[in-house]
Every structure is written in structure tokens, then in C-alpha cells.
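Okay, structure first, notes after.
The values are calculated or read from the model by the stated rules, or taken from the named source; none is laboratory data. Not measured: the values here are computed from a predicted model. Neighbour counts are summed over all protein chains in view; Cβ atoms, including those assigned to glycine, are modelled from backbone coordinates with ideal geometry.
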């Protein structure tokens with residue numbers, strides 16, 4: 001069974017700052033530019049422990065946000081019009 005982050009949207013948040021997460025491959029990444037924590041997903045189970053996480057470099061974080069449909073500077077979702 002595959003891990004579906006959309007089922008947990010709003011429930012699973014960054015354990016450092018409590019912001020939303022996006023999935024990028026086998027990782028969950030915090031959408032807050034000041035945080036940028038990356039959590040690994042192993043065997044379809046997210047590892048949300050801060051001691052096992054890494055900070056995504058700002059130069060890599062922006063393109064990840066763009067790939068997920070978010071703003072590359074703020075990490076915000078585009079506003080619905």
C-alpha cells in the first residue's frame with residue numbers, strides 16, 4: 001500500500017514549526033522558508049523525528065516548492081481566484 005500524503009494533509013505537519021508539508025519523492029518537506037526541514041519516507045512510513053531530519057538548502061528548496069505548485073520564495077499555495 002502506497003503512502004498518500006493527501007489523506008493526511010492538515011494532520012501531518014512539520015514537527016519543528018507545525019507548518020504544512022509537501023511530498024517530493026521519498027521525502028516530506030516543510031513549506032516554511034525559514035524551516036525547510038526534510039523528513040524521509042521509508043517503507044511508506046514517514047519518519048517525523050527531528051534528529052533524523054535534514055534542512056534543505058535554500059537553493060534546492062525553491063525548485064521543490066515550484067514542482068509542487070507552490071511559490072518558490074514563500075512556499076505559499078497560489079490563491080484561488
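Restricting attention to region 20-34, the residues that are at pLDDT 95 or above, part of a loop (DSSP other than H, G, I, E, B) and within 10 Å of the chain's Cα centre (by Cα) total 2. Can you tell me which residue in region 38-73 is nearest to the chain's Cα centre (by Cα), limited to those that are free of Cβ contacts under 8 Å to residues at least 40 places away in the same chain, closer than 14 Å to residue 28 by Cβ and in a helix (DSSP H, G or I)? Per the stated criteria, the residue is 61.
Of all residues in region 25-57, those satisfying the criterion of being under 15 Å from residue 75 (Cα atoms) and surrounded by 17 or more Cβ atoms within 10 Å (Cβ to Cβ) are 28, 29, 30, 31, 32, 33, 35, 36, 37, 38, 56.
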